[in-house]
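The values are calculated or read from the model by the stated rules, or taken from the named source; none is laboratory data. Being a predicted model, the structure only gives us computed values, none of them experimental. All Cβ positions, glycine included, derive from the backbone under ideal geometry; neighbour counts span all protein chains shown. Accessible surface is based on the protein model in full, side chains and every heavy atom, while ligands, DNA and RNA are left aside. Shrake-Rupley method; radii C 1.70, N 1.55, O 1.52, S 1.80 Å.
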Amino acid sequence: MVQAEQLPVKAARAGGPEAWDALFRRYQLPLYAYVFELVHDEQASLDLVQEAFINAARHIGRLRDDAKFGSWLFGIAHQKCIQHWRRQRPEPVPIEDLAERLPDEGDSPSDWLIHQEQEERFMNCLSQLSPPHRAVLLLHFIEDFSLEEIAGITGAELGTVKSRMHYAKKALRELLEKEP
């Protein structure tokens, strides 16, 4: 995570467009990746990220600790995802194809294919988890938030986050063992 001194949160609070641009550039992609993994819809993910930034701009005065801007923003996005689920009630959709990526120059085609298959298998298993379990895994292992920060983002108690993490890992392990 970027150090708080490097984030222009104070300038953004004062309405500085350059500060908001810097914050947007810093958090746009990780926020989109997190939201996409929860909603599995590219356009909805873009809309939810935009809504999260709009809400952050409107309510930045409520942020008490500038160093927690990232977890505060992810919390807004998380709430937007929950609102989206309540409106949509979508069926879980497995991730079809991951974005096409070129193999590393050192990898043989068979190594690259094996890696792609393993990654697709993992993401497919991850998408089968419930949204709360998927969220804690993504926030902790992909976005590198602490359990305390995840509790703040999701609005759950720390004990609940720890429990979700435990059961999410267990469920993911079981799914991966069942996968051929």
- prompt: Which one is modelled with the highest pLDDT among residues in the stretch 105-126 that are loosely packed, with under 12 Cβ neighbours inside 10 Å and charged (D, E, K, R)?
  reply: Glu117
message: Need the failing condition index for Pro90 against (1) modelled with pLDDT under 80; (2) more than 16 Å from Asp41 (Cα to Cα), just the number.
response: (2)
- prompt: Filtering the stretch 134-180 down to residues that are aromatic (Phe, Trp, Tyr) and in a helix (DSSP H, G or I), which residue is surrounded by the fewest Cβ atoms within 10 Å (Cβ to Cβ)?
  reply: Phe141
- line: Residue hits (the stretch 160-180; touching a residue at least 24 places away in the same chain (Cβ under 8 Å) and among the acidic types (Asp, Glu)) are Glu179
- request: Could you run through the stretch 42-86 and say how many residues are touching a residue at least 40 places away in the same chain (Cβ under 8 Å) and open to solvent by 60 Å² or more (accessible area, probe 1.4 Å)?
  value: 4
